[in-house]
Amino acid sequence: MLEIKDMVVAYGRVNAVKGISFEVKQGQIVTLLGTNGAGKSTTLRAISGLLKLASGEIWFEGERLDGLPAHKIVERGIAQSPEGRRLFRQMSVEDNLKLGAFSRKDTSGIRAEMDRIYDLFPVLGERRSEAAGLFSGGEQQMLAIGRAMMSRPKLLMLDEPSMGLSPIMTQTIMRTISELQADGVTILLVEQNAQAALSLADRGYVLEVGHIMFSDSGQALLGDDRVRKAYLGAD
Amino acid sequence: MNTVIPDRIKIAYRYPARAVGAAGALLMLVSIFLPWAYGTAALDDMSYYGAPSPLQLCFGVLALTVLALLTIPLVGKQRLGKWAKVLAWNTTAKTASITALITAAIAVTSVAVELGGLLNVEIGGWLVIFGGVAAVASTLFLPDSPEPSLDEVKSPKWLQILAIVVLMAVALFAAAFALGQVDAGAFLTFGSFLVAVVMVLRQFGVFGWLGMAAAANNRVLVISAFVVAFLFPFTQNGSNANMSIAAQVLIFAATALGLNIVVGLVGLLDLGYIAFLGAGAFTAAVLSESAYSHFNFHPPFIVTVLISGLVASLLGLIIGAPTLRVSGDYLAIVTLAFGEIFRITMNNLDGNDGPDITNGSNGIPDIPDLNAFGFNFGQPHVILGIDIGRFANYYWLMLLVIALIIVVFTNLNHSRIGRGWVAIREDELAAEAMGVNTFALKLLAFAGGAFLAGVAGAVKAHHDVSVTPDQFIFLESAFLLAAVVLGGMGTVMGVLIGATILKLLPEKLRFFSDYRLLLFGLLMVVMMRFRPEGIVADERRQLEFHAEDEELAEEVEEELITHKAHLNPEREVFEL
Ligand SMILES: Nc1ncnc2c1ncn2[C@@H]1O[C@H](COP(=O)(O)OP(=O)(O)O)[C@@H](O)[C@H]1O
Ligand SMILES: [Mg+2]
């Protein structure tokens, strides 16, 4: 479904992503692991069209994506919930969701989507006219995911959805992610919480300073010594 | 201020404090029947015994307010019932005293300045200051009232509508009275009185209630505001001086509303916005039948307006297309430069340095009055026995333009495009990630805002009779921006108020012209310190400026929950 080929992304003259290739298959949950500064967010930003590639290619459903402006990429069916949530804090829940659906023009479809999200996260429905900035961290994360879902993406990219959340909240979010997968959404999940991410993932890639070091199925990586040492806190 | 005096002392002295304050208010009341000035030339002639001038009557109103606020609570909490709680008696008494004292100080200072020295201040002037000081000092001893909650009190719909209509009528009367003041000191004193009234009503809780009523009866509010604005020329009885100022205010306001889209909604800083007004004005001037225009194409006004708007928005596109892709700082610099380049270019289109279009620094004079809708705007009329002059015609035309702008603006603000704009303002990268075509939307705002300025410029050309390049200096752009920020970015009402204040003050304070900029600087600093969201706050922006308050409120709430069991018993005594 999504294929990255030898992608290089730079900030100014510094390469943050140094020629990576990976693939996300239809219906899968794929996770990118790596420590801070490994280049995970940069990768997602490049796929979304927020950053230009220095070289390499991005293919989505048989079409070349790189070089397209960000709003075209959302139209093709890729949505992102960015790192740190980046909600429109002064806008209501409802307006945040409507913004997530900015690329769509079918009013009734948008309404139905919104109701689906309120079903999924009842707290958002109950307080739909309150400003997003007034919600707790977990609720804001729900809204960020909901907002990304509003464009009805085929591929949903989540950048550290568990950041700053309590373990219980993290569990809730992870459960939601697997529910979304069951609904047929393909998911590219960036996480520092390797345990949580790998138990969901069909496939995982480990990123270090802009390179993919190794990859395997989620289960295999959970048992992999290198991963256990570096990311799961085992000695 | 409430922490200066310990609570123990406040409780012990609350009755004496009230008595001293009431005495101060009485002194102020007595003072209005005494002369304040030895000469008749100061303010609106305050030199008589027993016959208060209109401005002295304003002080009477403030004095009675302070007196009432201090004495009515003495009837006791039982009899006051819920009114003891929903209205903020004590803090309002304090606000009323302070603003009354400031207003008195302005009046007395004006007397001294206009008559040449403090020696010209009569007994009444000293008495009002003395009474004011006593009132302020004593109200500092009163414990603070809780936040008023009048807006939560149920009220019948007819009362709300009546209140809105009365408010509008009072606003009309106050505006006419303020404009009627030719004396700078009198204008300042009355302005200060108006601010005092507004602050007292706000503190007391009346404004909260009015805001609720206005929101509930939005249509009534908008229609009555327009009716009042429409009626304004009838209060002037043919006086051209004031109507010209009023028409200029509306032209300025229409331009500011255009800038409000760019700055207030999308968050783009445009420092050369006046150039778009200039582009519209020059276009209309060139297309007019002025003998000094070198073009022989004179379309009907409707067409001229459209062309002026389009020329301005074309300029907007030319500036915007290369700069809106890069970060905001560049835009501020480029627009600043553009404003200057525009003015210099207009100066150079004189046949020597370039083609002869604008006659250089002489500009295009002698622009004939508008002839549109089968109606010559230069002709005065008599309606209902009242003279309606040339400027009133332009005033009404601009009122129509502003009504159209408001309709378009409010619809946009609540549309998909408006949401996209606000999203760009809040977090451009996130907006982009959500699929907002940020570049196209910014360009649209830029061109649309420029279009409005161009339209206003077309009317301005005919209203002013002549268009010259030096009308479009940077200072004007700065004033437009100040009107938007002062009034309240992103709101229509606020920007209208801000534009009125910023256009009216310099006209009425020619007296101070050397210190005008200093005064504005001070005004802006004070506003940014105490009310950064502007006079009227955009509901979406509240959070931005008062995020700490929200956090504080949450903390307090939590504490309340934990300590509910042992609430401070002294609190009961305190509320009076
Ligand atoms: N806006 C930026 N400008 C310059 N360098 C950046 C920027 N964002 C990230 N980087 C650098 O790029 C590298 C990868 O960052 P990032 O993709 O955010 O890592 P991760 O998401 O894996 O923590 C880091 O070295 C970081 O310092
Ligand atoms: Mg990151």
Q. Looking at B:G360, is it at pLDDT below 90 and on the phi > 0 side of the Ramachandran plot?
A. yes
Q: Just give me the residues in the range A:73-96 being within 16 Å of ligand 2 (Cβ to nearest atom) and surrounded by fewer than 22 Cβ atoms within 10 Å (Cβ to Cβ), in sequence order.
A: A:E83, A:G84, A:R86
Q: Go through (1) part of a helix (DSSP H, G or I); (2) touching a helix residue (DSSP H, G or I) at 6+ places or on another chain (Cβ under 9 Å) one by one and return the number of the condition B:V436 breaks.
A: (1)
Q.
So, in the range B:514-530, how many residues would count as being surrounded by 10 or more Cβ atoms within 10 Å (Cβ to Cβ) and modelled with pLDDT under 80?
A. 5
Q) Which of the residues that make up the range A:44-64 are within 16 Å of ligand 2 (Cβ to nearest atom) and either small (G, A, S) or more than 14 Å from every other protein chain (Cβ to nearest Cβ) (or both)? A) A:A46, A:S48
Q: Could you list all residues from the range B:417-437 that are more than 7 Å from chain A (Cβ to nearest Cβ), surrounded by fewer than 24 Cβ atoms within 10 Å (Cβ to Cβ) and not aliphatic (A, V, I, L, M)?
A: B:G418, B:R425, B:E428
Q) If we scan the range A:168-190, do we find a residue that is under 27 Å from A:K18 (Cβ atoms), more than 16 Å from ligand 2 (Cβ to nearest atom), in the same structural domain as A:K40 (by TED's automatic domain parsing) and buried (at least 22 other Cβ atoms within 10 Å of the Cβ)? A) yes
Q. Can you tell me which of A:L44, A:L50, A:L32 is among the hydrophobic types (A, V, I, L, M, F, W, C) and either in contact with a Phe, Trp or Tyr (Cβ under 9 Å, 6 or more places away or on another chain) or away from ligand 1 (no atom under 13 Å from the Cβ) (or both)?
A. A:L32
**Q.** Residue that is surrounded by 22 or more Cβ atoms within 10 Å (Cβ to Cβ) and touching a Pro at 6+ places or on another chain (Cβ under 7 Å), where the choices are B:G185, B:G205
**A.** B:G205
Q: Note down all Cβ pairs under 9 Å where the first residue falls in the range B:198-214 and is free of Cβ contacts under 8 Å to residues at least 40 places away in the same chain, the second is part of a helix (DSSP H, G or I) and charged (D, E, K, R), and they're at least six residues apart or on different chains.
A: B:F207/B:D151
**Q.** Residues (within 23 Å of A:L143 (Cα to Cα) and either within 16 Å of ligand 2 (Cβ to nearest atom) or surrounded by fewer than 18 Cβ atoms within 10 Å (Cβ to Cβ) (or both)) located in the range A:197-216
**A.** A:A197
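Conditions tested, residue by residue: (1) loosely packed, with under 15 Cβ neighbours inside 10 Å; (2) polar (S, T, N, Q).
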residue: A:M1; (1), (2): no, no
residue: A:A10; (1), (2): no, no
residue: A:N15; (1), (2): no, yes
residue: A:F22; (1), (2): no, no
residue: A:T35; (1), (2): yes, yes
residue: A:K40; (1), (2): no, no
residue: A:A46; (1), (2): no, no
residue: A:L53; (1), (2): no, no
residue: A:H71; (1), (2): no, no
Q: Within the range A:2-29, count every residue that is near ligand 1 (Cβ under 8 Å from one of its atoms), among the small types (G, A, S) and touching a Gly at 6+ places or on another chain (Cβ under 9 Å).
A: 1
Q) Scanning for something in contact (Cβ under 8 Å) with a residue 60 or more places away in the chain, more than 14 Å from every other protein chain (Cβ to nearest Cβ), of a type outside the set (A, V, I, L, M) and more than 13 Å from ligand 2 (Cβ to nearest atom), does the range A:30-43 turn up at least one residue? A) yes
Q: Hey, can you tell me all the residues within the range A:68-101 that are more than 8 Å from every other protein chain (Cβ to nearest Cβ), not hydrophobic (A, V, I, L, M, F, W, C) and not in a helix (DSSP H, G or I)?
A: A:G77, A:S81, A:E83, A:G84, A:R85, A:S92
Q.
Could you tell me how many of the residues in the range A:102-137 are within 12 Å of another protein chain (Cβ to nearest Cβ), buried (at least 17 other Cβ atoms within 10 Å of the Cβ), within 20 Å of B:H414 (Cβ to Cβ) and of a type outside the set (D, E, K, R)?
A. 5
Q. Taking the condition surrounded by 18 or more Cβ atoms within 10 Å (Cβ to Cβ), modelled with pLDDT of 90 or more and not small (G, A, S), does A:M157 pass?
A. yes
Q.
I want to confirm something. Restricting to the range A:145-167 and keeping residues that are within 15 Å of ligand 2 (Cβ to nearest atom), part of a loop (DSSP other than H, G, I, E, B) and on the phi < 0 side of the Ramachandran plot, which single residue is farthest from the other protein chains (Cβ to nearest Cβ)?
A. A:S162
**Q.** Long-range neighbours under 8 Å by Cβ, at least six apart or interchain, first residue among the hydroxyl-bearing types (S, T, Y) and buried (at least 18 other Cβ atoms within 10 Å of the Cβ) within the range B:353-366, second part of a loop (DSSP other than H, G, I, E, B) and at pLDDT 80 or above
**A.** B:T358/B:L349
Q) If you take the residues of the range B:44-75 that are β-branched (V, I, T) and under 15 Å from B:T103 (Cβ atoms), which of them is surrounded by the most Cβ atoms within 10 Å (Cβ to Cβ)? A) B:V66
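The values are calculated or read from the model by the stated rules, or taken from the named source; none is laboratory data. Because the structure is a prediction, the values reported are computed rather than measured. All Cβ positions, even for glycine, are placed from backbone atoms using ideal geometry, and neighbour counts span all protein chains on display.
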